[in-house]
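The values are calculated or read from the model by the stated rules, or taken from the named source; none is laboratory data. Remember, predicted model here, so these are calculated numbers, not experimental data. Here the Cβ positions follow ideal geometry from the backbone for every residue, glycine too, while neighbour counts run over all protein chains shown. SASA here: full protein model, heavy atoms, side chains in, ligands and nucleic acids out. Shrake-Rupley method; radii C 1.70, N 1.55, O 1.52, S 1.80 Å.
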Amino acid sequence: MKHAFLAAVLLLSSPATAQERMTPAQCTGSWAALETLMGAPVGDAGVVADDEGWCLILDGTFDINDDTSFRLASLRWRASDVDRFIEYGLPPRTIEIVGKGIGVVSQSGDPVFDYLFGLQNAQPRAGFGLTVRWDGVQNAVLVDTAYVDLFAGNRIEATARIDGVNLTDQTTMQMSVGAMGLRDLSITSEFAGWFEAYIAMPIGMMLLDSDAAAPDAQVEALKAQAIETVGQIPDTIMPQTGRDALSAFVTSLPHPRGKAQLQISADPSLGAARLAQFAMLPDQSSTEQIVEPALNGVSVLFTWSPAVEEP
C-alpha cells in the first residue's frame, strides 16, 4: 500500500510544468484512476476538458464524512505522461493543480442548521495551487510551487526538493520509500489573522489547562519557555540572526502580523535512512546523543518581518 499512497500523494500534490493539452478521455480517465486508487468514489463531479487544455470540475462536492462535504468552485489539473497513471497506476511525470473557492457543506439532516451553515459558508475564500515534477535523471521530486490562499493577506507558499525518488515502475517506487529524503524546504507565510482562525484553537486545547492560571498567563509562560529553547539552538544549525527572528516571531504570538520564512537544507537528506540511526542508540540516550544524528548536516534559516502598523 505504500507505493499506492505515494502515487496518490504525487497525483494530488504534484503539479506540472508540462504544457500538454489534456484530452477529454485523459480527464475522465485520470479521475477514474484516482477513484480506483483511493478504493472509493472521490466525489460527485462532472469532469471536462476546457478550451485551454486543462481538466476542469466546476462546483464539485467531495464527501468528508456522512454529515459534511467540502466544495470547490473550480478544480483544474493537467499533467505530462498522464497515461502512466491511467494505465499502470504510476504518477505522472509532472502535474499541475489549481483549486479555487473552498467551502464546507453540512448534511446533518437538520434543515435549519444546514441552511444557516450554508449562509455562513456562502462566500468560499480559500484556494490552492501545486506544481510538482519528477526528475528521472536526478531521481528527485521537485515541488516548484505549493500555495494556499486562506483569505486576503493570508498566504502560505512552499518549495521543496525530495531526493532518492524513482518512479519508473512499481518496484522502484517501493524501493524509494526507504531511500527518499527531504533535501531542501522553503516555507513563506503572510500572517494577517490565519493563525488565530486555524491554529490557535487546536494548539490551545492541547497546551492550555482550564484548571490552571488564566489562559493569557499560561500563553506568556509557554512563550518564555519556547524562546529559552530557541536560544539553545547551536550556531551550526541556526545562526544568531535566525534565532533572534524566531524569538521575535514567538513574542508576536498569538496575534502575529507580518511575513515569516523558514528554510531548511539537509545533507544527508531527512528521511528513513537518517531515522534508522536512532534504532542503534542506547535506551537511555542523552539529548545530545539524539540531536546529533537527527540534525547533523541540517541548517535552518528563519526570518521575520513584522507588519508596519497603520498610524
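How big is D, in µm² s⁻¹, for region 129-310 by Stokes-Einstein at 37 °C and 0.692 mPa s if Rh is the Kirkwood radius over C-alpha pairs?
On the way: Rh = 18.9 Å.
The calculation lands on 173 µm²/s.
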Note down the nm distance, to one decimal, between modelled labels 7 Å out along Cα→Cβ at A212 and at E228. 1.3
So how do 66-76, 156-166 stack up, highest first, on mean other-Cβ count within 10 Å? 156-166, 66-76
Spelling it out for A140: with amide H atoms placed in the peptide plane at 1.01 Å from N, the residues 5 or more places away or on another chain with amide H under 5 Å from its amide H are D135, V165
Measuring from label point to label point, each 7 Å out along Cα→Cβ, what is the M38 to L116 span in nm? 3.1
Taking Rh as the Kirkwood radius computed over C-alpha pairs, what is the Stokes-Einstein D of region 19-124 at 25 °C in a medium of viscosity 0.890 mPa s, expressed in µm² per second? 165
Once both labels are modelled 7 Å past Cα along the beta-carbon direction, what's the Q170-Q107 spacing in nm? 3.2
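Over 16 Å apart: what share of the alpha carbon pairs of region 112-179 falls there, rounded to a whole percent?
Values: 1460 of 2278 pairs.
Across region 112-179, Cα pairs with separations above 16 Å total 64 percent.
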For region 129-310, with every protein chain kept in place, what is the accessible area per residue (1.4 Å probe, Å²)? 58
Counting only protein heavy atoms, what percent of the accessible surface of region 19-124 is carbon or sulfur at a 1.4 Å probe? 55
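Quick one: accessible area per residue over region 19-124, 1.4 Å probe, rounded to a whole number of Å²?
Values: 5790 Å² over 106 residues.
Averaged over the residues of region 19-124, the accessible area is 55 Å².
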Would you please report the Å³ per residue occupied by the convex hull of the alpha carbon atoms in region 73-201? 166
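So what's the convex hull volume per residue for the Cα atoms of region 139-244, in Å³?
Value for region 139-244: 182 Å³ per residue.
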Using +1 at the Cβ of each Lys and Arg and -1 at the Cβ of each Asp and Glu in region 19-124, identify which of F62, G103, P24 lies farthest towards the dipole's positive end. P24
Please report the carbon-and-sulfur percent of the accessible area for region 136-208; probe 1.4 Å, protein heavy atoms only, DNA, RNA and ligands left out. 66
